[in-house]
Amino acid sequence: MFMLWLYRYITGYVKFEAIGGFSERFLNLCAINGITVWGSSLKDETLIGFMQVRDYKKIRKIAKKAQVRLKVQKRYGAVFIIHRYRKRTGLAVGFLLFFAILWFLSSFIWNINIVGNKNISSQVILQKLKSVGVYEGRWRGSINAEEARLSLLMEMPELSWAAVNMRGTLATVDVRETVKPPEKTTADFPCNIVAAADGRIVSIKCYEGTKEVQVGEAVTKGDLLISGTVELKNSMTLFKHAKADVYAETVRELNCFIPFEQTDRVSVRSPKKRSVLTLFSVDIPLFLGSVDEPYDAKKTVWNPEINGVRLPLCVTTATFQLKKEVKFNITQAVAVDMAKKQIDEMCKQQLSPILIKKLEQTCSVQPNGVYITQKFLCKENIAKDENILINK
Amino acid sequence: MSKHKHRPLQYLSNALELPEGLLSGGAHLELRSNREAVIDGKCTVLEYDDSKIKINTGSGIIKFCGRNLSICSLCSDSAIIRGFICTIDFTD
């Protein structure tokens, strides 16, 4: 029913009235001549009904035969609207321009959606896609999806599979990451265990190989601790992968110097904001002039989305905070505090897995600052694998 | 003459147990309650006003009597009559 109404609306129809004469004859003649009349009603010798515009033009003779006077009550349809605005060329141009712009803008890729990546960031994939010719703002017709897919796989060996699907202005790049095979174990290679640092041996747990040192012995870095060569009773020699935990007392030292004269960057004047509008991949600066250095910059990007689809426009606002280097002096107590905090930080970073048995701190005040030395007596595993080179 | 013309089709229609007049081109009348009547077949209007509509279907005349009757659609091979139909008379 809707389709019929739509067809009639597009082609145009009229509401007419046939006054006087023979209404029945008029209707019959219309039917015989293939003219459809609908919605007819008869009131006071007047027949009111609807018919299509092209049919209305044919019924003059029929009306004469049936002796009825025809009158159009109302016109309906797109043809009448078009006819009404026929002299307004601007409307027609605007209408055509609308579709032309719609077609033109829908011929570009405005959105690239990356799916299926877990460890590789979308930004990295987008950069590689750009290098193979798939980027936002690219003419859609010039992209060969199959070629782009293969090029991406060539560029990124960390991807095992990729597909470039283009749907309208959205390109969805589906990827699968390569699962790396486990590294070949070195347990089969013959090797010795040597000392990784100077120290005095506290305990030895030998799982494989021959002990070359005893508990209580002092060793230096690189000394052989456990040998991978095992001699059998029948004078045969086997080369094995030595395994052992060799704990030793070692001495470590951390130094820190804090000068009395410190420098800091302080903010000068209120921050300046500069925005750039990116419309259809074209950057349009929304400011004049440039910002003098030195400054600290913070960037914020506003990219609107509709139903999870990013629009091809974004506003990048950078806040520039002008900074100036200022020198100032600190007291000895403050310098010592700062040095201790720094030493603690260094200790956490460098000696975190090592057991510290004893520590000794010396602080020396110098004319230009404070110097702190901290010595640690540690207990750590100094076993380190070293391959045995065998000439076959 | 017309009776002779339709005779073989009538035989076929009887043999296949098809509804009367389906092959011979008789009018097909369908009613939706007493509010709408659809006549499928050749029809011409003999009388038309809001209380009485008389349609010639070729094989007979159908007279609709009622209130607010109107011909909703009319073309060479069908007609739709709407309104409050009280009686339907068939005459040759």
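The values are calculated or read from the model by the stated rules, or taken from the named source; none is laboratory data. Because the structure is predicted, anything quoted here is derived from the model rather than measured. Because the Cβ atoms are built from the backbone with ideal geometry, glycine has one as well, and the counts that use them run over all protein chains shown. For the accessible areas, the whole protein counts, side chains as well, though only heavy atoms, and no ligand, DNA or RNA atoms are used. Shrake-Rupley method; radii C 1.70, N 1.55, O 1.52, S 1.80 Å.
Quick notes on this one:
- Distance from the Cα centroid of segment A:100-139 to that of segment A:288-355 is 31 Å (rounded to whole angstrom).
- Listed residues A:Ser275, A:Ile390, A:Ile114: farthest to the positive end of the dipole of the protein assembly as shown (Cβ charges): A:Ser275
- For the protein assembly as shown, size of Cβ-based charge dipole, Lys and Arg +1, Asp and Glu -1, in debye: 3200 debye
- Computed [θ] at 222 nm, deg cm²/dmol, chain A (DSSP H ≥ 4; -39,500 (n - 2.57); rounded to nearest 500): -7000 deg cm²/dmol
- Protection proxy ranking, highest mean first, for peptides A:21-32, A:278-289: A:21-32, A:278-289, where packing is the per-residue count of other beta-carbon atoms within 10 Å, averaged.
- Given charges at beta-carbon only (K, R positive; D, E negative), |dipole| of segment A:3-99 in Debye: 480 debye
- Average partner coverage of A:29-35, which counts Cβ from other chains inside 10 Å: 4
- Average beta-carbon neighbours from other chains, 10 Å sphere, peptide B:46-55: 3
- Estimated inter-spin distance, A:Arg54 and A:Asn165, nm [label 7 Å along Cα→Cβ]: 4.4 nm
- Taking label points 7 Å from Cα along the Cα-to-Cβ direction, A:Phe108 and A:Glu325 give a separation of 4.4 nm.
- Here the ratio of the Cα radius of gyration of segment A:191-247 to 2.2 N^0.38 Å is 1.14.
- Relative contact order (%) - criterion: Cα under 8 Å, at least six apart; region: segment A:2-83: 48 percent
- For chain B, the longest principal axis of the Cα atoms and the long axis of helix B:2-15 meet at an angle of about 80 degrees.
- Dividing the summed -39500 (n - 2.57) terms of all DSSP H runs of n ≥ 4 by the residue count of chain B sets its mean residue ellipticity at 222 nm at -5000 deg cm²/dmol.
- Pairs of alpha carbons in the protein assembly as shown separated by more than 42 Å make up 66% of all such pairs.
- Accessible surface, 1.4 Å probe, highest first, among residues A:Glu212, B:Glu20: B:Glu20, A:Glu212
- Relative contact order (%) - segment B:27-91, alpha-carbon pairs under 8 angstrom, separation at least six: 33 percent
- Simple point charges give the picture: +1 on the Cβ of Lys and Arg, -1 on the Cβ of Asp and Glu, and for segment B:27-91 a dipole about the Cα centre of about 120 debye.
- Segment A:Arg265-A:Tyr76, extension gain: residue separation times 0.36 nm, minus the distance between their alpha carbons: 60.5 nm
- Interface A:B - total buried accessible surface [probe 1.4 Å, Å², rounded to 100]: 1100 Å²
- Packing-based ranking of A:247-253, A:301-307, B:37-43 yields B:37-43, A:247-253, A:301-307, ordered from highest to lowest mean Cβ neighbour count within 10 Å.
- Taken over the alpha carbons of chain B as equal point scatterers, the Debye sum produces base-10 log I(q)/I(0) values at 0.17 Å⁻¹ of -0.72.
- For A:Cys191, nonlocal amide neighbours, meaning residues 5 or more places apart or on other chains whose placed amide H falls under 5 Å from its own, are A:Lys240, A:His241, A:Ala242, A:Ile388.
- Shape class for segment A:260-357, computed from the alpha carbon gyration tensor (a ≥ b ≥ c): oblate, with a/c not under 1.5 and a/b at or below b/c.
- Only Cα pairs under 8 Å and 6+ residues apart enter the sum, and on that basis the relative contact order of chain A stands at 13 percent.
- Quarter of Cα convex hull surface for segment A:2-83, i.e. mean projection, nm²: 5.2 nm²
- Extension gain from A:Ser142 to A:Gln361, taking 0.36 nm per residue of separation minus the Cα-Cα distance: 71.9 nm
- Shielding by partners for peptide A:347-358, expressed as the average number of C-beta atoms from other protein chains within 10 Å of each residue's C-beta, is 0.
- Residues in the protein assembly as shown average 66 Å² of solvent-accessible surface per residue, probe 1.4 Å, ligands and nucleic acids excluded.
- Among the listed pairs A:Lys57/B:Lys63; A:Lys211/A:Lys357; A:Lys128/A:Lys323; A:Lys74/B:Lys42; A:Lys358/A:Lys384, a Cα-Cα separation exceeding 28 Å is found for A:Lys57/B:Lys63; A:Lys128/A:Lys323; A:Lys74/B:Lys42.
- Most mobile of A:Gly216, A:Gly49, A:Gly308 in a GNM of chain A (Cα contacts under 10 Å): A:Gly49
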